[in-house]
Amino acid sequence: MRLRRKLFIVSDNDKIIDEVTSSDYKYGFSTEIDSDTIEPGLSEDVIRQISLKKDEPQWMTDWRLDAYKVWKEMDEPDWANVSYSKPDFQNISYYSAVKKKQYDSLDEVDPELLKTFEKLGISLDEQKRLSGVAMDIVVDSVSVATTFKKTLKEKGIIFCSMSEAIKEHPELVKKHLGTVIPKSDNYYAALNSAVFTDGSFCYIPNGVRCPMELSTYFRINEAGTGQFERTLLIADKGSYVSYLEGCTAPQRDENQLHAAVVELIAMDDSEIKYSTVQNWFPGDSNGKGGVFNFVTKRGICETQAKISWTQVETGSAVTWKYPSCILKGDNSIGEFYSVALTNNFQQADTGTKMLHLGSNTKSTIISKGISAGKSHNSYRGLVRMGPRAKNARNFSQCDSLLMGDKCGAHTFPYIEVKNSTAKTEHEATTSKIGEDQIFYCQQRGLNPEAAIALIVNGYCKDVLNQLPMEFAVEAQKLLAISLEGSVG
Amino acid sequence: MLEIVNLHASIDNKVILNGINLKINPGEVHAIMGPNGSGKSTLSNVIAGHDGYDIISGDILFDGESVLNFPPEKRAHLGLFLSFQYPVEIPGITVSNFIRTALNEIRKAKGEESLGASPMLKLMREKMKVLEMDKGFLSRSLNEGFSGGEKKRNEIFQMAMLEPKMAILDETDSGLDIDALRVVANGVNALRSDRNAFIVITHYQRLLDYIIPDFVHVLFNGKIVKSGGKELAIELEKRGYDWIKKEQK
Ligand SMILES: Nc1ncnc2c1ncn2[C@@H]1O[C@H](COP(=O)(O)OP(=O)(O)OP(=O)(O)O)[C@@H](O)[C@H]1O
Ligand SMILES: [Mg+2]
């Protein structure tokens, strides 16, 4: 389940005028019980079944089958600086509407989880919803959500599930799906293309400025999209949209493997801001369990368009993720702001690719890695200035913060410049939290954990500042919680 | 208020504090002077609870209670403040954010409610006025890129905000220009009351013209070797430390 825990109504003058606790009722924790599950394993037959169950048109089925053929020919990549036992792809069920465990009251929920909720400042109702406790109070967010849908519709904005889009807007989906991340792009993207279950679809028409932060929360119609999520976001000429994905509350999932694909298309003069907070279950302190998160995210910028990726990654046992920008149009801009925190036995290999094709294209990369415990945190980034990328500019800053001496931070910057007028700048630092910094904070009344949280937040400021305000506050708390127990 | 009893402390097996005895009552200002390396900052750190030192023997009592086993933050909650000789930088954290966090942590520890954003800002403005500080200070990253004098003034600003019972100023005057020295001293004097006390560590008698001490102590080789009134500082200014060193032999 990936949903935002709060809902913000942003009026035209950008003021938050309301904040509503969301309800679970559309997620049907207590009503629908979906027993639809396809036998584990992957074959053409299974893919046909998925497509059939989703009532998809033939072109979609064919598209999936094609992806499956591509995937079968591929090998699982092993170039990332992570090690894990490879998932058994024949042992995964590719279509299951697994219901979360249902509780009658919060007393039955794991107290550790509740403690975390409390620290994040999540309301009681919200706690119930997130941990899957049946709720009978229907918070009046339905009407609010409906109002939103109306506002969006008036502006001509399409925001719905991928399944719905395939049925309702086939021309848009057909035209754009797989154009930024082709089926053959990589092993996990191919797998996702073959078996994706659901995800979000968004289209902002010509010249429209989306009046609110779009978040996955709005997809009130669908069940949790599960392990193979597919998102497609199209900003037409001169439009603007800010999109939030993820949730600060810890997300546990029965599925070990997650392979999402997110494609962004920014047409001439448009802007897409895509923010993610990822907090999948990282495994326990001994490194057992935890989600493998292999994500492919990429956007394409036409002339004078801008795509800005902001991510705060604290979860997952293994993360493999490189939100990238193809700066195709002249004067287009790509940005990547990232905080990746690893603790205990977590491994993260993340970064970005900025592919400068057009002239006067600009990109900025700010990556802040934090490693604690026995974790490993790698930044991997590619900046490529193509032959036509006249006067293109890149600035990269990759900082690593180490806590303790059993963790590792690694930086793998790749720079290719094929145009002599293009310039790249790369700065990298590795630091430790100073004992003297902690002592200074303690002298002012902060306990060591609060001191570390403060110092880490300061270190991440440039990235956190990119997040919408309320999200940033939650992200700060999340960082603090994720580092608990790493002091000393 | 603060009582140090026969305190011996070492670092890496090197003994630095060699039997310190010092009793400070509410309302008093004690100046500590002494040559470089005599152990002044070490004493400050040990009082504040820095865990890098081994306490060999002796005790530190705060309001009659031993604080040796208390972590630094607990000592701060009790009302102890140290203005550092070398304040550290914390990038990305603004002065106002830091002070807000600190003040509210201390209030929380005392069971008081945290101070809201606007009374906090009002209080900051008041204190900054006394210290003749520019408002722009509040939004700067803590100590990052601050000049030596700005760092010291910022320490005193924090002290003014936290209103400690017992404040130790470790060479707060070093790095201050003549005007800043006066301003900072005024700031300290404004806080002086019969309920709090100060230890002022300095190399220069000049500061003591502004902050008039009740006692002056000379620290040498980790020991207080001489104590007197403010005239001792004047004598030291004139004669240096040689005569004291000789007296020790
Ligand atoms: N971490 C350390 N390891 C070894 N020796 C240390 C350490 N810290 C302090 N010392 C030594 O302890 C002695 C006292 O140092 P301290 O900083 O307390 O002196 P001070 O009186 O404050 O000097 P100054 O007037 O120069 O500030 C010095 O000889 C110093 O070198
Ligand atoms: Mg000193």
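Quick notes on this one:
- Test: B:G79 is more than 9 Å from chain A (Cβ to nearest Cβ) and small (G, A, S): yes
- Of all residues in the stretch B:98-107 being facing another protein chain (nearest Cβ under 7 Å) and touching a residue at least 40 places away in the same chain (Cβ under 8 Å), the one that is surrounded by the fewest Cβ atoms within 10 Å (Cβ to Cβ): B:A102
- Extreme residue, farthest from the other protein chains (Cβ to nearest Cβ), among residues of the stretch B:134-157 that are within 16 Å of ligand 2 (Cβ to nearest atom) and more than 21 Å from B:I106 (Cβ to Cβ): B:G148
- In the stretch A:439-456, the residues that are more than 7 Å from chain B (Cβ to nearest Cβ), under 32 Å from the mean Cα position of the chain (by Cα), free of Cβ contacts under 8 Å to residues at least 40 places away in the same chain and open to solvent by less than 30 Å² (accessible area, probe 1.4 Å): A:A451, A:A453
- Of the criteria (1) open to solvent by less than 10 Å² (accessible area, probe 1.4 Å); (2) of a type outside the set (V, I, T); (3) within 14 Å of chain A (Cβ to nearest Cβ), which one B:L2 fails: (3)
- Lone qualifier among B:K122, B:K152 - being modelled with pLDDT under 95 and in contact with a Ser or Thr (Cβ under 6 Å, 6 or more places away or on another chain): B:K152
- Only residues that are more than 8 Å from ligand 1 (Cβ to nearest atom) and open to solvent by 10 Å² or more (accessible area, probe 1.4 Å) were counted across the stretch B:25-48, and they come to 4.
- Residue list for the stretch A:285-294, filter: under 15 Å from A:T350 (Cα atoms) and open to solvent by 10 Å² or more (accessible area, probe 1.4 Å): A:F292
- Look at (1) of a type outside the set (S, T, Y); (2) touching a Ser or Thr at 6+ places or on another chain (Cβ under 8 Å); (3) within 16 Å of ligand 2 (Cβ to nearest atom); (4) facing chain A (nearest Cβ under 8 Å) and you find that B:V88 fails only one, number (2).
- Pairs with Cβ under 6 Å, 6+ apart, first in the stretch B:158-180 and away from every other protein chain (no Cβ under 12 Å) and over 17 Å from B:P72 (Cβ atoms), second open to solvent by less than 20 Å² (accessible area, probe 1.4 Å) and within 12 Å of ligand 1 (Cβ to nearest atom): B:E171/B:I201; B:D173/B:T202
- Any hit, the stretch A:88-108, residues being over 30 Å from A:C210 (Cβ atoms), among the β-branched types (V, I, T), outside any helix (DSSP H, G or I) and modelled with pLDDT of 70 or more: yes
- Residues that are within 11 Å of chain A (Cβ to nearest Cβ), more than 24 Å from B:D177 (Cα to Cα) and within 16 Å of ligand 2 (Cβ to nearest atom) are absent from the stretch B:62-75 altogether.
- Failed item in (1) within 16 Å of ligand 2 (Cβ to nearest atom); (2) of a type in the set (K, R); (3) surrounded by fewer than 15 Cβ atoms within 10 Å (Cβ to Cβ), with B:K110 passing the rest: (1)
- Pairs where the first residue, in the stretch B:43-57, is in contact (Cβ under 8 Å) with a residue 60 or more places away in the chain and the second is within 12 Å of ligand 1 (Cβ to nearest atom) and open to solvent by 30 Å² or more (accessible area, probe 1.4 Å), C-beta under 8 Å, 6+ apart: B:S44/B:Q85
- Filtered residues of the stretch B:49-63 (kept if closer than 17 Å to B:A167 by Cβ and either open to solvent by less than 20 Å² (accessible area, probe 1.4 Å) or within 11 Å of ligand 1 (Cβ to nearest atom) (or both)): B:G49, B:H50, B:I60, B:F62
- Residue check: B:L68 meets all listed conditions (1) among the aliphatic types (A, V, I, L, M); (2) more than 25 Å from B:K245 (Cα to Cα); (3) within 15 Å of ligand 1 (Cβ to nearest atom) but one, namely (3).
- For the stretch B:9-24, the set of residues classified as assigned to a strand (DSSP E or B), away from chain A (no Cβ under 14 Å) and open to solvent by 40 Å² or more (accessible area, probe 1.4 Å) consists of B:K14, B:V15, B:N18, B:N21, B:K23, listed by residue number.
A quick yes/no check of all residues on (1) within 14 Å of chain A (Cβ to nearest Cβ); (2) without any contact (Cβ under 8 Å) to a residue 40 or more places away in the chain; (3) touching a Pro at 6+ places or on another chain (Cβ under 8 Å); (4) within 16 Å of ligand 2 (Cβ to nearest atom):
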{"position": "B:A190", "(1), (2), (3), (4)": "no, no, no, no"}
{"position": "B:V200", "(1), (2), (3), (4)": "no, no, yes, yes"}
{"position": "B:L208", "(1), (2), (3), (4)": "no, no, no, no"}
{"position": "B:I211", "(1), (2), (3), (4)": "no, no, no, no"}
{"position": "B:E231", "(1), (2), (3), (4)": "no, yes, no, no"}
{"position": "B:I244", "(1), (2), (3), (4)": "no, yes, no, no"}
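- The strands (runs of 3 or more DSSP E) falling completely within the stretch A:328-397 that include 2 or more residues that are open to solvent by less than 10 Å² (accessible area, probe 1.4 Å) and farther than 18 Å from A:L464 by Cα map to A:347-356, A:376-385.
- Residues that are farther than 18 Å from B:A160 by Cβ and open to solvent by less than 10 Å² (accessible area, probe 1.4 Å), drawn from the stretch B:88-97: B:I90, B:I93
- Of the numbered criteria (1) without any contact (Cβ under 8 Å) to a residue 60 or more places away in the chain; (2) of a type in the set (G, A, S); (3) more than 16 Å from ligand 1 (Cβ to nearest atom), the one B:G240 fails is (3).
- Taken over the stretch A:173-198, residues that are closer than 17 Å to A:A235 by Cβ and open to solvent by less than 30 Å² (accessible area, probe 1.4 Å) amount to 5.
- Test result for A:K273, in a strand (DSSP E or B) and open to solvent by less than 10 Å² (accessible area, probe 1.4 Å): no
- Residue, nearest to B:K23 (Cα to Cα), within the stretch B:80-108, restricted to residues that are at pLDDT 95 or above and among the small types (G, A, S): B:S83
The values are calculated or read from the model by the stated rules, or taken from the named source; none is laboratory data. Keep in mind that what you see is a predicted model, and the values were worked out from it rather than measured. Virtual Cβ from ideal backbone geometry, glycine too; neighbours counted across all protein chains shown. Calculation scope for accessible area: heavy atoms of the full protein, side chains included, ligands and nucleic acids excluded. Shrake-Rupley method; radii C 1.70, N 1.55, O 1.52, S 1.80 Å.
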